[in-house]
Amino acid sequence: MSLPEFFFERITDEVRQQMDGVLALAQRLARQPLGNDAQTCIAGITEAAETVRRVLESSVELKAAATQDLTYTPEPTLLREIMDKVQQRWETRAAENGVTLSVSYHGHPEALAELDAGRLMQVFDGFIAQAVAGTRRGGIEASLKAVADGEGLRLEGRVRDSGDRSSIEDKYDIREIEARFGLETALGVALGHRIVKSLGGKIQVEPNAGAGETVVFELTAATAQAPQETREETPNARAAHVLIVDDNATNRMVAETLCEMFDCTSEMAEDGVEAVEAARTGRFDLILMDIKMPRMDGVAASKAIRALPGRLGRVPIIALTANADPEDAAGYLKAGMNGVVEKPMKPDNLLQALQAALGGDPAAAA
C-alpha cells in the first residue's frame, strides 16, 4: 500500500468515527426535553453529519470503482422489492423539493435475479438524486423492467424527469454536474455510471418529448431460485450489563448509545487498567474492549481478565478496533477475546456480536 493510499484509508476511517460520534451525540440530545429552536439545530447537525457520511462513502466507493476494487455480493433478489425500497427512500425527499415521484416495476411479480441489490439501488440513487436536484416542479418517474432473455433476465432501468438540464452539453461530465447540482449528487451519478459499466451494462440519455430527459441503463442478470427459509432462534442480547472500555470519549458515547438501542445497561472505563479492576467486581455480562489504549492496551487487559478466577475470567470480551483484518482478528481471539467488531461500529454488527457472545457461540461473533 502506497503512502497516499495509507493516509486516505486512515483519514476516511477517522472521519467515519467522528461523524458516528456526532450522530450519536445528536441522537441523545434529540431525546432531551429541549425547545423547538434547539431541536431544529439538532436536526440541522444530524442532516449535516449524515451528508458528510454519504459523501465520504461515495468517495471511497468511487475510488474502489476506479481501481476495479468495487466488490459485489450477488444473491437471489426479488426485483419488485428493489423498487419498493427506491420509493421508500426517495418519496419524502422528492416531496420536500416540490416534485412528485412515481416508481414502478414491470415484469413477473415474483421474478428473482442473482444480483447485488445494494449496487442496483446505488445506480437508482445516483440518477434520482440528479433528477431531484434538476427539477423545480413537475414529476420524476423511476422504473425497472425485467424481461426474460434465454436463461437470464434483461433489466432496463429508467429515471425520467421534467427538469431542464439542456445546458449541460456533456451528459457524463461529472465536473459540470457538480457545478450545477453539488458534490454529493455528482459523486452519486459518477458511482452509478461506474457500477453499470463494471457490470457490462450501458447507459444513455434520451430527451423527452416535452421537458426534461430520461436516463436509461441496461443490465443482464442470471435468474435465481428462492432460498430455503430457515428459522433459527437467536440469543437474546437484551438486559445485559456491558462494560465499555475506550480511551476516546466520543467512541464511548457511540458504544453507549448503541447499547441503549438494544436495551443494555452500561458502565465505562478509559483504559485497560480500569477495565481489569472493573472486571474484578463481576458486575458485567460482557465487555466491549478497545485495542489501542494508554497504560494497558486491550490485548493485555483481555489476558489479565482471563487470568481472573472462576466466572470473573470467563466474561465475554468483544474487541473494538479499526484494524479488523483476518490476521489481527486471529490475534485478538488468541488473546482470549470472543469476537471482533470493526470501527466505526454499525448497529447490526454490534448486535450480531452481542448475540453470539452472550449465547455462548464465540465463533459466530468472530
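Here, each number is a calculation from the coordinates, and none is a lab measurement. A quick note: this is a predicted structure, and the numbers were derived from the prediction, not measured. All Cβ positions, glycine included, derive from the backbone under ideal geometry; neighbour counts span all protein chains shown.
Checking (1) 23.3; (2) 20.2; (3) 21.9 against the coordinates, the calculated Kirkwood radius over Cα pairs in Å falls under label (1). Projecting the Cα atoms of LEU3, THR214, GLY310 onto the dipole axis of the chain, where Lys and Arg carry +1 and Asp and Glu carry -1 at the beta carbon, places GLY310 farthest toward the positive end. Sequence-ordered 3J(HN,Hα) estimates for the range 212-218 from the Karplus curve with 6.51, -1.76 and 1.60 and θ = phi - 60° stand at x, 9, 10, 8, 10, 10, 10 Hz, glycine and proline given as x. If you take the beta carbon distance between ARG175 and THR73 as r and set R0 to 30 Å, what does 1/(1 + (r/R0)^6) give as a FRET efficiency, to the nearest 0.05? E between ARG175 and THR73, to the nearest 0.05, is 0.45. Structural descriptor for the range 22-173: relative contact order 19 percent, calculated from alpha carbon pairs under 8 angstrom and at least 6 residues apart. Each Cα pair under 8 Å and six or more residues apart adds its separation to the average, and for the chain the resulting relative contact order is 13 percent.
Ordered by the count of other Cβ atoms within 10 Å of each Cβ, fewest first, ASP149, ASP348 give ASP348, ASP149.
As a proxy for reagent exposure, ranking SER2, SER59 by other Cβ atoms within 10 Å from fewest up yields SER2, SER59. As a proxy for reagent exposure, ranking ILE244, ILE11, ILE42 by other Cβ atoms within 10 Å from fewest up yields ILE11, ILE42, ILE244. Cysteines in the chain lacking any other cysteine Cβ under 4.7 Å from their own Cβ: CYS41.
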